[in-house]
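Notes follow once the structure below has been shown.
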Amino acid sequence: MFRQCFLPLVLAPGVSQENVLPQLSDLHVHQLVRSETTVGQVNSAQLGLKNLGSTSFAHGDVAWQERREKLSRRFPLAFAHDTHPTGKNAVTLAATAPLTVLYVLSHYFEQLFPSGKVPSLVRVHVPGASYPFEGRGDWGILSEALPRGTQLEVSLILGTPDQADNVPEINVKETRQGVCRAHGAVKVACYEHLYQHLANQLAPPHLAILFNPGFPQITRRSWDASLLWFLEKQIPCAVSSQVTSHKGQPMGGEPWNPRFTETVDEDFATDATLMAYGAQMWGTTASPFPIVTMKGEKQFGRLLKNAVIAVFQGVRPGRNLPKQPSSLPPGESDFLRNFDWVTFQDKTDNDEIRAGLETPVSNRYDAASNAVYLKVLEQMVAKGELADVPAKMSQIVLSIMERMRHNTPLPARAWLYLAERLQINE
């Protein structure tokens, strides 16, 4: 049904994992960290990200704060409180995913483990993972953050294994061999499949975490099935979102307001999606471990990946979940099958929207898409971007917006019109 990549780490008797890892001098590491190009090519194991702290996540925020402080002293540029680019910094890329998991486990420890007791095996699922980002993580960092006698199992669910989202590309085969194995008390298992196809075949996680999932974009409609599953099974779930630096510098652990500002900021889209599903929120906070990537338009500053973390479990009282639809509404399949995709792709250079529109979704995903894309269109109108379009086109767009306001699911024809005419194609 699915591919599992798990290679156990075998060491000679009496030899610890730490002893076989090559180490760099502090001076050498600091020199490498200051060179984005060089650092982007350094193996994370060479950096020796050990001894960042001894406090377990069971002690709350002090666990991630201790490691954040030591990282800042040892590698000043890795998570600096400014807009210095870190998208090619090997330390940043190796530490971000594992330490974000640590942040959620420690910051929400009381909600995750109400009895105060941590099981001997803690399971974390990472749906939507890829080797260039989550696969780069030095997951062994978390061995030092576990309560005594506890092991951690991290399952990377890699639906698009080689997708590099604003981080450097990697050699997938080498990365797979390096990450899909045991790292001290942490075991990383890799499944190259979509989460909804194997969720029921894995032991349920104590925590699921999604890094920049992109919902409720039309091209990300496959997330609907997973969201419904998380909510139905009462799985605690964290969602990481990217924003731009024009919204301010995220201060790790502090409450964050995911208000709508610009379409490039995804925190509002995440929040609107969770609200549409009726999710019971635990909180939305700034991430202590963002990645500063590309520089966009001048007024927006730099893109901050993994900047905001929203956490939820189940649905609010009185809210019910819909069933996952098995087919598209009547007539939609015929329309999509007969649509001129060759001409559309020539005009839009979009080869993902077809798969998205062919994926049946619940009315909750439709509601989230309406809420987010309505904001996008309202902003375009407010900025005068539709002032010079033909009257008929303006009338059609305003009609689509009215349907969105009344939370009426849009047919595929409408989404394709917006993609072709207004370049709203994600």
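Taking region 272-285 as the search range and keeping residues that are open to solvent by less than 40 Å² (accessible area, probe 1.4 Å) and outside any loop (DSSP other than H, G, I, E, B), which one is farthest from Gly301 (Cα to Cα)?
First pass over region 272-285, keeping only residues open to solvent by less than 40 Å² (accessible area, probe 1.4 Å): 272-274, 276-279, 283-285.
In the following step, the residues that additionally are outside any loop (DSSP other than H, G, I, E, B) were identified as 272-274, 276, 279, 283-285.
Values: Ala272: 24, Thr273: 25, Leu274: 27, Ala276: 30, Ala279: 31, Gly283: 26, Thr284: 22, Thr285: 20 Å.
Ranking the candidates gives Ala279 first.
In this structure, is Gln299 in a helix (DSSP H, G or I), out of contact with any helix residue (DSSP H, G or I) (no Cβ under 6 Å at 6 or more places or on another chain), at pLDDT below 90 and farther than 26 Å from Ser106 by Cβ? Steps first, answer last, please.
Working: in a helix (DSSP H, G or I): yes; out of contact with any helix residue (DSSP H, G or I) (no Cβ under 6 Å at 6 or more places or on another chain): yes; at pLDDT below 90: yes; farther than 26 Å from Ser106 by Cβ: yes.
In short, yes.
From the residues in region 128-161 that are among the β-branched types (Val, Ile, Thr) and at pLDDT below 95, which one is nearest to the chain's Cα centre (by Cα)? Steps first, please.
Applying the first criterion (among the β-branched types (Val, Ile, Thr)) to region 128-161 yields 141, 150, 154, 157, 160.
The next check asks that each one be at pLDDT below 95; those that pass are 141, 160.
Working: Ile141: 20, Thr160: 13 Å.
Residue satisfying both the conditions and the ranking: Thr160.
Of the residues in region 53-82, how many are part of a helix (DSSP H, G or I) and small (Gly, Ala, Ser)? Break it down into steps so the answer makes sense when it comes.
Step one: list which residues in region 53-82 are part of a helix (DSSP H, G or I), which gives 57-59, 62-74.
Narrowing further to those that are small (Gly, Ala, Ser): 58, 63, 72.
Final tally of qualifying residues: 3.
Pull up region 114-164, narrow it to residues that are among the acidic types (Asp, Glu) and part of a helix (DSSP H, G or I), then point me to the one that is surrounded by the most Cβ atoms within 10 Å (Cβ to Cβ).
Going residue by residue through region 114-164, those that are among the acidic types (Asp, Glu) are 134, 138, 144, 153, 162.
Remaining after also requiring part of a helix (DSSP H, G or I): 134, 144.
Details: Glu134: 25, Glu144: 20.
Looking at residues that are among the acidic types (Asp, Glu) and part of a helix (DSSP H, G or I), I get Glu134.
Give Gly278, Gly248 a once-over and let me know the one that is within 22 Å of the chain's Cα centre (by Cα) and without any contact (Cβ under 8 Å) to a residue 24 or more places away in the chain.
Details: Gly278 fails: without any contact (Cβ under 8 Å) to a residue 24 or more places away in the chain.
Being within 22 Å of the chain's Cα centre (by Cα) and without any contact (Cβ under 8 Å) to a residue 24 or more places away in the chain holds for just one of Gly278, Gly248, which is Gly248.
Residues that are modelled with pLDDT of 95 or more, among the polar types (S, T, N, Q) and buried (at least 22 other Cβ atoms within 10 Å of the Cβ): find the strands (runs of 3 or more DSSP E) completely inside region 178-259 holding 1 or more of those.
Details: elements: 186-191, 207-211, 237-244.
Of the strands (runs of 3 or more DSSP E) lying wholly inside region 178-259, those with at least 1 residues that are modelled with pLDDT of 95 or more, among the polar types (S, T, N, Q) and buried (at least 22 other Cβ atoms within 10 Å of the Cβ) span 237-244.
Here are some residues: Ala367, Ala387, Ala355, Ala382. Which one is within 30 Å of Gln196 (Cβ to Cβ), open to solvent by 40 Å² or more (accessible area, probe 1.4 Å) and of a type in the set (A, V, I, L, M)? Give the derivation first.
Values: Ala367 fails: open to solvent by 40 Å² or more (accessible area, probe 1.4 Å); Ala387 fails: within 30 Å of Gln196 (Cβ to Cβ); Ala382 fails: within 30 Å of Gln196 (Cβ to Cβ).
Criteria check complete, one pass: Ala355.
Looking only at region 165-177, how many residues end up being more than 24 Å from Ile291 (Cα to Cα) and either without any contact (Cβ under 8 Å) to a residue 24 or more places away in the chain or open to solvent by less than 50 Å² (accessible area, probe 1.4 Å) (or both)?
Restricting attention to region 165-177, the residues satisfying the condition of being more than 24 Å from Ile291 (Cα to Cα) are 173, 177.
Filter once more, so that each one left must be either without any contact (Cβ under 8 Å) to a residue 24 or more places away in the chain or open to solvent by less than 50 Å² (accessible area, probe 1.4 Å) (or both): 173.
Of the residues in that region, 1 qualify.
Looking at (1) out of contact with any Gly (no Cβ under 6 Å at 6 or more places or on another chain); (2) under 20 Å from Val308 (Cβ atoms), which is the only condition Pro98 fails?
Among (1) out of contact with any Gly (no Cβ under 6 Å at 6 or more places or on another chain); (2) under 20 Å from Val308 (Cβ atoms), the lone unmet condition for Pro98 is (1).
From the residues in region 405-426 that are open to solvent by 90 Å² or more (accessible area, probe 1.4 Å) and not charged (D, E, K, R), which one is farthest from Thr343 (Cα to Cα)? Quick ask: steps written out before the conclusion?
First, pick out the residues of region 405-426 that are open to solvent by 90 Å² or more (accessible area, probe 1.4 Å): 405-406, 413, 421, 423, 426.
Checking which are not charged (D, E, K, R) leaves us with 406, 423.
Numbers: His406: 32, Gln423: 15 Å.
Result: His406.
For region 347-402, which residues satisfy the criterion of being of a type in the set (Lys, Arg) and free of Cβ contacts under 8 Å to residues at least 12 places away in the same chain? Reasoning before the result, please.
Of the residues in region 347-402, the ones of a type in the set (Lys, Arg) are 347, 354, 364, 375, 383, 392.
Passing the criteria: Lys383, Lys392.
Could you identify the single residue in Gly135, Gly128, Gly140 that is in contact (Cβ under 8 Å) with a residue 24 or more places away in the chain, on the phi > 0 side of the Ramachandran plot and in contact with a helix residue (DSSP H, G or I) (Cβ under 8 Å, 6 or more places away or on another chain)?
On the way: Gly135 fails: on the phi > 0 side of the Ramachandran plot; Gly140 fails: on the phi > 0 side of the Ramachandran plot.
The unique qualifying residue is Gly128.
The values are calculated or read from the model by the stated rules, or taken from the named source; none is laboratory data. Bear in mind the structure is a predicted one, so any value in this text is a computation, not a measurement. Methodologically, a virtual Cβ is constructed for each residue, glycine included, from the backbone with ideal geometry; neighbour enumeration extends over all protein chains shown. Keep in mind that these areas ignore ligands, DNA and RNA; they rest on the heavy atoms of the full protein, side chains included. Shrake-Rupley method; radii C 1.70, N 1.55, O 1.52, S 1.80 Å.
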